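These notes concern the structure reproduced below.
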Amino acid sequence: MTLKDKVCIVTGAARGIGASIAARYIADGARVAIADLDLSAAQETADRLNSLHAGEAIGVAMNVVDELAVDTGVQAVVDHWGRVDVLVSNAGIQTVHKLQDFPFDEWKKLLAIHLDGAFLTSRACMPHMIAQGSGSIILMGSVHSKEASPLKSAYVTAKHGLLGLARVIAKEGAEHGIRSNVICPGFVKTPLVEKQIPEQARTLGISEDEVVNRVMLGNTVDQEFTTVEDVAEIAYLFAAFPTNALTGQSLIVSHGWFME
Ligand code: NAD
């Protein structure tokens, strides 16, 4: 398996899991568009990864809930490299509240970033993949695509929804050689998780240590966080796997937090 010369778009890739996936792809010779809200942050990550790996990454400004920005950003990548082989719809946020306190605008914002973002980016990439007769669309799910936790009604709803979207893309895309799969990580120490530790401690009335050791890692087999590199390795597998044999699937990478 190889991603050499493949054109990949990774959303939310200026930092965190997305940046690690981009690094993994670039290290294998892929050409990667780092798509994120802020162009200068995206370009900074692209420059950093290029200097580490002698790569060809570019930064692209893309708010994944903005239809025009998504269509324009994907077109810019196609104009630059002539094709798009891999989409990783990774951009995401987390917001925690008890359901009865969940502000409607925060609910809608979270669902839009995860679900509208996955839909819009997939829709923008698919015509190019159909024309090429191949492509891989990877949606960033979570253990919360399979399991629920208190305070996370919006996130759990969105992450469950992505499983359905990936399965439809797998069915519609098969005749064009387009595969679609979902990665389901456990807790990974990125800014998204760092932010939740004090928030959950406050809302649940427990210490930050308890949030980490009981709420986040309590059900793992070894009390360890999943790493960005672990997730990137699965993203590599889904991107580089050569046939429709691996499609419509979801893979949990969580130190055994959730087993199925
Ligand atoms: P992060 O907060 O470190 O990075 C998220 C990135 O997405 C940021 O660069 C941010 O600017 C970008 N982003 C946010 N809204 C955007 C938008 N509207 N358009 C474009 N970019 C946007 O988060 P992370 O932990 O790296 O999470 C990445 C993905 O992995 C998310 O979908 C998240 O739900 C998922 N995930 C994370 C964990 C975890 O424990 N960290 C676990 C499972 C799944």
Set 245, 201: member being hydrophobic (A, V, I, L, M, F, W, C) and under 30 Å from residue 174 (Cα atoms) | 245
Within the range 101-115, residues of a type in the set (D, E, K, R) and within 16 Å of the ligand (Cβ to nearest atom) come out as 105, 106, 108, 109
Can you find even one residue in the range 219-241 that is among the hydroxyl-bearing types (Ser, Thr, Tyr) and under 18 Å from residue 3 (Cβ atoms)?
-> yes
Which residue pairs have Cβ atoms closer than 6 Å, lie 6 or more positions apart in sequence or on different chains, and pair a first residue in the range 124-149 that is without any contact (Cβ under 8 Å) to a residue 12 or more places away in the chain and within 15 Å of the ligand (Cβ to nearest atom) with a second residue that is open to solvent by 10 Å² or more (accessible area, probe 1.4 Å) and in a helix (DSSP H, G or I)?
-> 148/156
So which residues in the range 128-147 are open to solvent by 10 Å² or more (accessible area, probe 1.4 Å) and part of a helix (DSSP H, G or I)?
-> 128, 130, 131, 132
Subset of the range 199-229, residues closer than 14 Å to residue 96 by Cβ and not charged (D, E, K, R), comes to 200, 201, 203, 204, 205, 206, 211, 215, 216
Take the residues in the range 54-81 that are more than 16 Å from the ligand (Cβ to nearest atom) and open to solvent by 60 Å² or more (accessible area, probe 1.4 Å), then tell me which one is farthest from residue 118 (Cα to Cα).
-> 54
From the list 48, 31, 15, pick out the single residue that is within 16 Å of the ligand (Cβ to nearest atom) and touching a residue at least 12 places away in the same chain (Cβ under 8 Å).
-> 15
Matching residues in the range 148-184 - criterion: being open to solvent by 10 Å² or more (accessible area, probe 1.4 Å) and in a strand (DSSP E or B) = 179
In this structure, is residue 98 more than 16 Å from the ligand (Cβ to nearest atom), open to solvent by 40 Å² or more (accessible area, probe 1.4 Å) and touching an Asp or Glu at 6+ places or on another chain (Cβ under 6 Å)?
-> no
Residue identified as farther than 17 Å from residue 166 by Cβ, within 12 Å of the ligand (Cβ to nearest atom) and among the aliphatic types (A, V, I, L, M) among 201, 232, 240 = 232
Residue check, residue 209 open to solvent by 40 Å² or more (accessible area, probe 1.4 Å), in a loop (DSSP other than H, G, I, E, B) and of a type in the set (Asp, Glu) = no
Quick one: which of 46, 30, 41, 35 is of a type in the set (A, V, I, L, M, F, W, C), in contact with a helix residue (DSSP H, G or I) (Cβ under 7 Å, 6 or more places away or on another chain) and open to solvent by less than 60 Å² (accessible area, probe 1.4 Å)?
-> 35
Residue in the range 7-19 that is out of contact with any helix residue (DSSP H, G or I) (no Cβ under 8 Å at 6 or more places or on another chain) and in a helix (DSSP H, G or I) present = yes
Lone unmet requirement of (1) open to solvent by 30 Å² or more (accessible area, probe 1.4 Å); (2) part of a helix (DSSP H, G or I) for residue 223 = (2)
With respect to residue 96, determine if the residue is modelled with pLDDT under 95 and over 17 Å from residue 10 (Cα atoms).
-> yes
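The values are calculated or read from the model by the stated rules, or taken from the named source; none is laboratory data. This structure is a prediction, so every number in the text was calculated from the model and none was measured. For neighbour counting, all protein chains shown are included, and Cβ atoms are generated from backbone atoms with ideal geometry for every residue, glycine included. Calculation scope for accessible area: heavy atoms of the full protein, side chains included, ligands and nucleic acids excluded. Shrake-Rupley method; radii C 1.70, N 1.55, O 1.52, S 1.80 Å.
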